[in-house]
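The values are calculated or read from the model by the stated rules, or taken from the named source; none is laboratory data. In this text the structure is predicted, and so the values were computed from the model without any measurement. Note that each Cβ is placed from the backbone with ideal geometry, even for glycine, and that neighbours are counted across all protein chains shown. Side chains are part of the model used for accessible areas, which takes the heavy atoms of the whole protein and leaves out ligands, DNA and RNA. Shrake-Rupley method; radii C 1.70, N 1.55, O 1.52, S 1.80 Å.
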Amino acid sequence: MNQRPSLTELTAFAAIVRHASFRAAADELGMSASTLSHMMRALEQRLALRLFHRTTRSVAPTEAGARFFRNLSPILAELDQALADVGTLSEQPTGSVRINAAEPAARILMERIVPTFLQRYPGIHVDLVVEGRLVDIVAEGFDAGVRLGESLPRDMVAVPFGGDGRLVCVAAPAYLRRAGTPRTPDELARHPCIRFRLPSGKMYRWEFKRHGQELKFDADGPITLDSMDLMVSAAIKGLGVAFVWEDTARPAIDSGQLATLLDDWTPPFDGHYLYYPSHRLVPAGLRAFVDVIKDVERDARPTAAPRPGASAADRPPGRPGG
């Protein structure tokens, strides 16, 4: 190799891998897809390696490209962090903070943290990526992720927010008058249940706990959904019993559209944590975001209500993962 790749080429390569798309990467970088494609072909020629499998519909890294991306990502992240850290020398920090979270956790951040953060730090951009699957936040270019306390990765700094989490059984009052109210988890077998599909494709097993006794219930019913907002809507329409985040159902519960069931079988559990690597330089944007979380949680502590968490491969988004 006669010429070392430029930072522009390396950044472009990483963007294509992250987006699995030349067009999406080009939009991020502010250039045309054709220019980006020519840049990558030139890079491949200089490296004497094929970095991408290209078709008319998709782009994916080759084995060599994937290995290059794994090695390159931490280097680019460290460079971004170094640049962000320099930004702390100014009176008003700038840059961005990129966070991965499942929808319930993202909702809490948007309600409780982000407005205060943007007001305090108008020069910092928040990139909040919402998805249910578990990700490697370092490999995929995130500054931080969100998971429940019970599933935090090792060697991470963890900052709690939002209080405890809770999943609840809910149904429409009209449905309960017609079908009866289950008094134990076993009695749910006689009711149509609104099932939840996990990001992995598996069906979520409803989990109950009381006086040290734990039960798991394989819900069965006429409808399967992958959105708890839609599950709440289905329950309001009287389609059966749903098992959802309490915060997601709270407006419908407070308005009387839904009633909670089996409350003594659904205790709260350890809630959300923002987490990030302990062995890396903390970017200015993330450091500012953590400061806002701590301030908001400290102010809300006397009256904070239980809140939900983030996602895992065998539990609904928000419990745990992200």
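Numbers for the structure displayed
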quantity: Ellipticity estimate at 222 nm from DSSP helix runs (n ≥ 4, -39,500 (n - 2.57)) divided over the chain, nearest 500; calculated: -11000 deg cm²/dmol
quantity: Sulfur and carbon atoms: percent of accessible area, the chain [1.4 Å]; calculated: 50 percent
quantity: Segment R197-A33, extension gain: residue separation times 0.36 nm, minus the distance between their alpha carbons; calculated: 55.5 nm
quantity: Mean separation of Cα contacts under 8 Å, 6 or more apart, over the residue count of segment 7-71: relative contact order %; calculated: 28 percent
quantity: Amide H contacts of V157 (H built 1.01 Å from N, under 5 Å, at least 5 apart or other chain); calculated: Y276, S278
quantity: Per-residue SASA entry for H38, accessible area with 1.4 Å probe, Å² rounded to 10; calculated: 130 Å²
quantity: Max mean-square fluctuation residue, GNM over the chain, Cα-Cα springs under 10 Å, options G65, G165, G141; calculated: G65
quantity: Distance between segment 116-142 and segment 232-256 - C-alpha centres, whole angstrom; calculated: 29 Å
quantity: Karplus-derived HN-Hα couplings along segment 243-260 (A = 6.51, B = -1.76, C = 1.60, θ = phi - 60°), whole Hz, x at Gly and Pro; calculated: 10, 9, 4, 4, 4, 5, 8, 4, x, 5, 5, 5, 7, x, 6, 10, 10, 8
quantity: Probe 1.4 Å, protein heavy atoms only - accessible area per residue of the chain in square angstrom; calculated: 51 Å²
quantity: Centroid-to-centroid separation of segment 187-219 and segment 1-55 [C-alpha atoms, Å]; calculated: 46 Å
quantity: Solvent-accessible area of L49 with every protein chain in place, 1.4 Å probe, in Å² to the nearest 10; calculated: 90 Å²
quantity: Neighbourhood net charge (9 Å Cβ-Cβ; Lys/Arg +1, Asp/Glu -1) for G132; calculated: -2
quantity: Proximal charge balance of S21 [Cβ under 13 Å; K/R count +1, D/E count -1]; calculated: +2
quantity: Under Karplus coefficients 6.51, -1.76 and 1.60, residue-wise ³J(HN,Hα) of segment 111-119 in Hz, glycine/proline x; calculated: 7, 10, 10, 4, x, 5, 4, 5, 5
quantity: Segment 167-267, relative contact order [Cα under 8 Å, separation at least 6], %; calculated: 45 percent
quantity: Reachable lysines from K202, criterion Cα separation under 24 angstrom, eight or more residues apart if same chain; calculated: K216
quantity: Amide hydrogen neighbours beyond the local backbone of F196, cut-off 5 Å, H modeled; calculated: Y204, L225
quantity: Extended-chain gain in nm, criterion 0.36 nm per residue less alpha-carbon gap, A174 and R210; calculated: 10.2 nm
quantity: Normalised contact order of the chain, rounded percent, pairs of Cα under 8 Å and 6 or more residues apart; calculated: 25 percent
quantity: Net charge of neighbours whose Cβ lies under 14 Å from the Cβ of R46, counting Lys and Arg as +1 and Asp and Glu as -1; calculated: +1
quantity: From phi via Karplus (6.51, -1.76, 1.60), per-residue ³J(HN,Hα) for segment 19-32 in Hz, x at Gly/Pro; calculated: 8, 6, 6, 5, 5, 5, 5, 5, 4, 5, 8, x, 9, 7
quantity: Cut-off under 5 Å, modelled amide H: who pairs with G238 long-range; calculated: A172
